[in-house]
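**Q** Just dropping this structure here.
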Amino acid sequence: MPYKESYDYKFTKLNSGRAMLTEESAFVAEIESTKEVLHRINKQVIQSSGSWLFSDFLTVADITLTVILFRLRKLGLEHHFFEDGQGQPALQHLAAYAKRAFEQPYMKGALC
């Protein structure tokens, strides 16, 4: 029975991913959900007393966030989050954070 449950779970996940690619409403919902998360992260960047999310020291959270932001860029989705729909900048603190993170020597080599 565990195999069937695993298969059913995987099948459900694949179908939900397919819906995001084929149904505009699913795609838009995913974009909006991601925007909400990025707005919360932008607030954290504003509140941080250091250069990174929680301090002046890079943490695993910073590395993880940098990879996610880099993937948004590589997938061509960056404009959904860093422009307001009128061509004006949005999430400016998070955008500056991403720029700073992407320019770090250890990140340049790791992000392809």
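The values are calculated or read from the model by the stated rules, or taken from the named source; none is laboratory data. It should be emphasised that the depicted structure is a prediction, and the values quoted were computed from it without experimental measurement. All Cβ positions, even for glycine, are placed from backbone atoms using ideal geometry, and neighbour counts span all protein chains on display.
**Q** Restrict the check to segment 47-56 and report whether at least one residue is part of a helix (DSSP H, G or I), at pLDDT 90 or above and either surrounded by 12 or more Cβ atoms within 10 Å (Cβ to Cβ) or aliphatic (A, V, I, L, M) (or both).
**A** No.
**Q** Taking the options Lys4, Lys43, name whichever one is over 17 Å from the mean Cα position of the chain (by Cα) and without any contact (Cβ under 8 Å) to a residue 24 or more places away in the chain.
**A** Among Lys4, Lys43, only Lys4 is over 17 Å from the mean Cα position of the chain (by Cα) and without any contact (Cβ under 8 Å) to a residue 24 or more places away in the chain.
**Q** Also, quick follow-up: Among the residues of segment 57-95 satisfying the criterion of being surrounded by fewer than 12 Cβ atoms within 10 Å (Cβ to Cβ) and part of a helix (DSSP H, G or I), which is farthest from the chain's Cα centre (by Cα)?
**A** Filtering first and then ranking leaves Val60.
**Q** Does Glu30 satisfy the criteria of being within 19 Å of Arg100 (Cβ to Cβ), free of Cβ contacts under 8 Å to residues at least 24 places away in the same chain and of a type in the set (Asp, Glu)?
**A** Criteria not met by Glu30.
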